[in-house]
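Student: Handing you this structure, nothing more for now.
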Amino acid sequence: MPLIKRITDFFASPKGRISGLWLSYFLYWGSIAPFIPYVGIYYDSIGLTGSQIGTLNSVRAIVSFISAIAIAFVTDVLRRRKLVFVLCIVGMIVALVIFPFATSFITLLPVIALYSAFQAPAIAILDQDTLSTLENPRNFSKVRVGGSYGWGSIIFFAGLILDRPGTPLQIIFMLHIGLLVVLLGLVAFLPKSSPHANAKKASIKDVAALFRHPGFALWMGIIFLFGMAEASLINFLFLHIRDIGGSASLMGLAMTFAILGEIIGFNLAKRVQGRIGSRRMIVLAFAFRTLWYLLIAANPVPLLVLPIQILGGGSFSLIEAGSVAYVNERAPGRIGTTAQGVRSSILLRLSAAVGSLFSGAIYQRSGSARMYLIMAGVSTVSFILAALLRRAERQREAAANPSPQ
C-alpha cells in the first residue's frame with residue numbers, strides 16, 4: 001500500500017529515524033507513567049502492607065537487574081535489537097493482562113517477576129539504538145526527552161481519570177497496555193539496526209574488561225546510591241502526597257511538574273556536558289537531589305509539592321544524561337547495549353531493590369517525612385563521595401598526561 005510504503009520510507013530516512021526514536025521514548029515511558037507511580041496505591045487498595053509493597057518492588061528491581069543485563073548481552077551477541085525490543089513489548093503486554101487477576105501478595109510475586117523480566121531490557125535497547133543512530137552522541141538528550149514528554153503528559157491524564165468518582169484503579173493496566181500496543185505498531189515501521197559486517201562480536205571478556213577500566217566500577221557504585229534513594233520517590237511519593245492531604249489529580253500534576261524539570265534538564269544537557277563533562281553532571285545531580293529531599297520532607301502544603309518537583313526532575317535528567325554519556329565514552333560499541341543495560345540496571349533496578357526494602361521499612365515505621373529526611377542524608381554522603389572520586393580521577397589523569405611546559 002502506498003501509505004504504508006510512504007511511512008516506512010520516512011522512518012528509514014535520517015530525520016525519520018530520529019523522529020521514530022523520539023516517539024518510541026514517548027510511548028515507552030508514557031505507557032509506564034500510569035503504572036509505576038500508581039501501582040503502590042493499587043497495592044495499598046488491595047490490602048498489602050508497606051513491607052509487602054516494598055518487597056514486591058524489590059522483586060521487580062532484582063528481576064529487572066538480571067534480565068536487563070542478560071537480555072542486553074544477548075541482543076549485542078545476536079545484533080537483533082529490533083526483534084528483542086518487540087519480544088519485550090509483547091511480554092509486558094502478556095504480564096499486564098494477567099496482573100489484575102492476581103489479588104494477593106503471593107500471587108502477585110510471579111506476575112511482577114514476569115513483567116519485570118521483559119520491561120527492563122527495553123531501556124538499554126532504546127538508549128543504544130539512539131546512540132548508534134546519532135552522529136553526535138551529545139544529542140542523546142534531545143531524543144531521550146521524548147520519554148519525558150510521554151511520562152509527563154500521560155501521568156497527568158491518568159491522574160484526571162483516577163480522580164473521577166467510581167474509576168477503578170485497574171484502569172492503570174488498560175492505559176499501559178493500550179500505549180504498548182501503539183508502540184508495537186510504531187516499531188513495525190522502524191528500520192532494523194545495521195551493525196558493521198566486520199565488527200567484532202560481543203563477549204563476556206569485553207564486559208569484564210569494562211569493569212576493569214579505572215574508576216568504572218566506582219562510578220557504577222555512585223549511581224547505585226542515587227537509585228537507592230530514588231526508590232523512595234518512585235514508590236512512596238504518591239503516598240506521601242496523600243498523607244499530607246493531596247488528591248489523585250495533584251499526584252499526576254506533581255509528576256507533570258517533575259517532567260517539566262526533566263525537559264529543562266535534558267534540553268540543557270548537551271550544553272552542560274560540553275562545559276563540565278559527564279562526571280561533574282553526576283555530581284551536580286546529587287546536589288540538586290539532596291535539596292529536593294530536604295524540601296519535600298519539610299513541606300506540609302500539598303500545592304507546594306509542584307515547584308519542588310521541578311528540582312527533582314532536573315536532577316534525574318542530569319544523572320540520566322551524565323551516566324549514559326559516561327558509559328558511552330568508555331564502552332566499546334560492540335557491547336554498547338550491554339553497557340547501557342548495566343548502567344540502567346544499577347541506576348534503576350539493583351539500587352531500587354535495596355532502596356525499596358529500606359524506604360518501605362522506614363515508611364511503615366516512621367512515615368514519609370522522616371523517610372525523606374533520611375534519604376537527604378544518603379544523598380549528601382553520595383554527593384561527597386562523587387565529588388571526591390571525580391577529583392581523584394582528575395588528579396590521576398593529570399599525572400598520567402602532564403601538560404607540556
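No value in this document is a laboratory result; all are computed from the given coordinates. On a predicted model such as this, the values are computed, not experimentally measured, just so you know. As a convention, Cβ positions derive from the backbone with ideal geometry for all residues, glycine included, and neighbour counts pool all protein chains shown.
Student: Please check: in the Gaussian network model of the chain (C-alpha springs, under 10 Å), which one of Ala102, Ala254, Ala208 has the largest mean-square fluctuation.
Tutor: Among Ala102, Ala254, Ala208, the largest GNM mean-square fluctuation belongs to Ala208.
Student: What is the sum of charges around Ala269, taking Lys and Arg as +1, Asp and Glu as -1, for the other residues whose C-beta is under 9 Å from the C-beta of Ala269?
Tutor: Every neighbour counted, the sum reads +4.
Student: Calculate the dipole size of the chain relative to its Cα centre from +1 charges on Lys and Arg beta carbons and -1 charges on Asp and Glu beta carbons; express the result in debye to the nearest 20.
Tutor: Details: 35 positive and 15 negative charges, 249 e Å.
The calculated dipole for the chain is roughly 1200 debye.
Student: With a cut-off of 8 Å between alpha carbons and a minimum separation of six or more residues, what is the relative contact order of the chain in percent?
Tutor: Reported as a whole number, the value is 28 percent.
Student: Restricted to Cα positions, what overall size does the range 9-103 have along the principal axes? Three whole-Å values, descending.
Tutor: 51, 27, 19
Student: Tell me, what is the percent relative contact order of the range 259-326, built from C-alpha pairs under 8 Å that lie six or more residues apart?
Tutor: Relative contact order here is 58 percent.
Student: For the range 45-165, with equal point scatterers placed on the C-alpha atoms only and solvent neglected, what are the log10 I(q)/I(0) values from the Debye formula at q = 0.13, 0.16 1/Å, to two decimals?
Tutor: These q points yield log10 I(q)/I(0) values of -0.68, -0.96.
Student: Test of understanding: in a Gaussian network model of the chain with alpha carbons linked when under 10 Å, which of Leu291, Leu237, Leu78 would top the mean-square fluctuation ranking?
Tutor: Judging by the Gaussian network model, the answer is Leu78.
Student: Within a Cβ distance under 12 Å of Ser315, other residues only, what is the Lys/Arg minus Asp/Glu net charge? Mind showing how you got there, number by number?
Tutor: On the way: positive: Arg289; negative: Glu230, Glu262, Glu320.
Neighbour charge sum, excluding Ser315 itself: -2.
Student: Between Ile98 and Leu184, what is the FRET efficiency for a Förster distance of 25 Å, r being their Cβ-Cβ separation, to the nearest 0.05? Could you put the intermediate results ahead of the total?
Tutor: Details: r = 18 Å, r/R0 = 0.72.
That pair, Ile98 with Leu184, gives E of 0.90.
Student: Moving on to the next point. Give me the net charge for the shell around Ala287: Cβ to Cβ below 14 angstrom, other residues only, Lys and Arg +1, Asp and Glu -1. Mind dumping the intermediate values first?
Tutor: Numbers: positive: Arg279, Arg280, Arg289, Arg390; negative: none.
Local charge sum for Ala287: +4.
Student: What is the Cα radius of gyration of the range 205-347 over 2.2 N^0.38 Å, N being its residue count?
Tutor: Scaled against compact globular proteins, the figure is 1.15.
Student: Tell me, what is a quarter of the convex hull surface for the C-alpha atoms of the range 199-263, in nm² with one decimal?
Tutor: 7.5 nm²
Student: May I pose another question? Using a Gaussian network model on the chain with a 10 Å cutoff between Cα atoms, which of Ala122, Ala339, Ala298 fluctuates the most?
Tutor: Ala298
Student: Given charges of +1 on the Cβ of Lys and Arg and -1 on the Cβ of Asp and Glu, with all other atoms neutral, how large is the dipole of the range 69-204 about its Cα centre, in debye to the nearest 20? Walk me through the numbers before you get to the answer.
Tutor: Details: 11 positive and 5 negative charges, 93 e Å.
Around 440 debye, computed over the range 69-204.
Student: Can you find, among Gly367, Phe156, Pro121, the residue sitting farthest towards the positive end of the charge dipole of the chain, where Lys and Arg contribute +1 and Asp and Glu -1 at Cβ?
Tutor: Pro121
Student: By per-residue mean of other Cβ atoms within 10 Å, what is the highest-first order of 12-19, 82-89, 135-142?
Tutor: 82-89, 135-142, 12-19
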